[in-house]
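The values are calculated or read from the model by the stated rules, or taken from the named source; none is laboratory data. Everything numeric in this text was worked out from a predicted model, so none of it was measured. Neighbour counts are summed over all protein chains in view; Cβ atoms, including those assigned to glycine, are modelled from backbone coordinates with ideal geometry.
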Amino acid sequence: MRRYSIQTKIVLPFLILFACVTIFVPLLTVELFAWKYSEQFTRETQGWLDTIVETGFIREPSEKIKKAYSVEIMVFGSDYTLNDSTLVGLSDTEQDWANLAEKMRLREVKDHLREASNIPITHDVVLAGKPYKVFYLSLPPERFYCLLRPMEKIAEAKRTLTWYMLGIGVLVMALIAFISYRIGKNLTNPIKVLVDSTARVATGDLDEQCEIKTHDEIGDLAAAFNQMTRDLKASRDQLIQAERLATAGKMSASFAHEIRNPLSSMRMLAQMLLQKPEMSPEMSAGKHQQSVRYILEEIERIDTIVKGLMDFARPASLDLKQQRITPILQTVLSLMEANLAHHNIHLVLDVLPETPEIQFDSDKLKQASMNVVLNAMEAMPQGGVLRVSTFTENDSVCIKVKDTGIGIPAADLEHLFEPFFTRKPRGTGLGLANVKRILEEHGGTVEIDSIPDEGTEVLLRLPVDASV
Ligand code: ADP
Ligand code: MG
């Protein structure tokens, strides 16, 4: 089956329709008009012939009749020879009597006149290069009186009219072709853009967005397509994230196990080393005491990372209890109080004591809130204001932690929850990954909004009616 473009499908029917209307219909009209005119013309000339006969004008010289009616007269004998003619300029072959009789179809006319003498007969002939309509009259004995009416002017008029009509037809067709081409293009261009976008999306480029802004069905289609691509990208990213988390979780669990045991031995040995009498500052080995202290500090740091990994990898086993979040939050903040004050951070607490009781694991929520507050604290090295508030919104209990710290660059926002994503020289990049994990285990969400150099707002949302 042939493939026609939409453009062709629009232009072609228009062209065919208008070809009919602008070319065939006028030509048909000309033909119809010519036919009607010819009928009238025949009747009129037949009337002249009758008058010529009835008034006896026929006995006058042919030249006189020629002048009176602007016609040519030819008279043939019964043997078809030309007896009289007003027509000049006949060619040599036309002058030959047999040829002329043949051309004038005298034999046929003779038969006709014999059989139906009162039914007029006419023929179209071309003589001396000009068209004529011939009207026949039988003259006794068996002679033919032929009245030739010149058709040249009428044929000429018909030709001119036909050319005019064709000219107008072609012009109108060109105009229609142009207009329908434009209409087709207007319609198909956005479709082409859409097809190109679809092809790019099909190759995996999910950042592709179709730039069609028309307010019609194609515009709606493009908007739906863009929405679909965005959804597809979001779900692909989620899938990648989930895969990463799963892999990171598995790796973390095995690493953490392997590292923790030798690490505790190392810590124990280093502590024992510190307690040796030779290590006291007065003894010769005393100068190594500071190095051993550094070793112990670094071991503590590795231990924090390993603990983070284990938290992250630990399978979800929630110890759910129906309770309020405010006491939990207050515990976390009182633990951090000294630290906050030390960093010159002013704490503003805006908690609702009466938030509804909800089901959650208090240790895990403590851990999540602690991570968020720690991040806020680390974002304000020069001090600032930390605002912690709780409220209910749309069947959720919310904890909002807002700082006036360094903020987060827009490009980082989408990576914050990825395990090991960190911008801190001594960070683990596991804090927010854990927060998200804990909130999701509770059927809740985490949202982060930030303006660089102004501050960050972290919103933890826990459902009132959690079906975890
Ligand atoms: P870590 O704290 O170990 O770096 P997190 O997962 O807790 O890992 O945080 C990841 C990154 O998110 C941080 O390195 C930091 O760049 C950014 N971040 C998180 N919270 C804040 C905040 N309140 N202000 C500024 N940046 C933040
Ligand atoms: Mg952190």
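Observations
- In region 39-64, the residues that are touching a residue at least 12 places away in the same chain (Cβ under 8 Å) and under 20 Å from Ile121 (Cα atoms): Phe41, Thr42, Thr45, Gln46, Trp48, Leu49, Ile52, Val53, Ile58
- When the residues of region 357-412 are filtered to those that are assigned to a strand (DSSP E or B) and among the acidic types (Asp, Glu), the one that is modelled with the highest pLDDT is Asp403.
- Pick from region 190-209, criterion of a type in the set (Asp, Glu) and in contact with a helix residue (DSSP H, G or I) (Cβ under 8 Å, 6 or more places away or on another chain), ranking: nearest to Ile6 (Cα to Cα): Glu208
- Positions within region 383-394 being within 13 Å of ligand 1 (Cβ to nearest atom) and of a type outside the set (Lys, Arg), in sequence order: Gly384, Val385, Leu386, Val388
- Given (1) out of contact with any Lys or Arg (no Cβ under 9 Å at 6 or more places or on another chain); (2) among the polar types (S, T, N, Q); (3) under 18 Å from Arg143 (Cβ atoms), number of the condition Asn83 does not satisfy: (1)
- Test: Leu365 is within 8 Å of ligand 1 (Cβ to nearest atom), surrounded by 18 or more Cβ atoms within 10 Å (Cβ to Cβ) and not basic (Lys, Arg): no
- Cβ pairs under 8 Å, 6+ apart, first in region 369-384 and hydroxyl-bearing (Ser, Thr, Tyr), second away from ligand 1 (no atom under 11 Å from the Cβ): Ser369/Ile328; Ser369/Leu329; Ser369/Val332; Ser369/Ile399; Ser369/Leu460
- Checking the stated criteria, Leu430 turns out to be crowded, with 18+ Cβ neighbours inside 10 Å, farther than 29 Å from Glu354 by Cβ and in the same structural domain as Lys366 (by TED's automatic domain parsing).
- Residue list for region 430-454, filter: in a helix (DSSP H, G or I) and within 13 Å of ligand 2 (Cβ to nearest atom): Gly431, Leu432, Ala433, Asn434, Val435, Lys436
- For region 91-147, the helices (runs of 4 or more DSSP H) that sit wholly inside it and include 3 or more residues that are within 23 Å of Glu39 (Cα to Cα) are 106-115.
- Residue in region 332-341 that is of a type in the set (Ser, Thr, Tyr), without any contact (Cβ under 8 Å) to a residue 40 or more places away in the chain and surrounded by fewer than 18 Cβ atoms within 10 Å (Cβ to Cβ) present: yes
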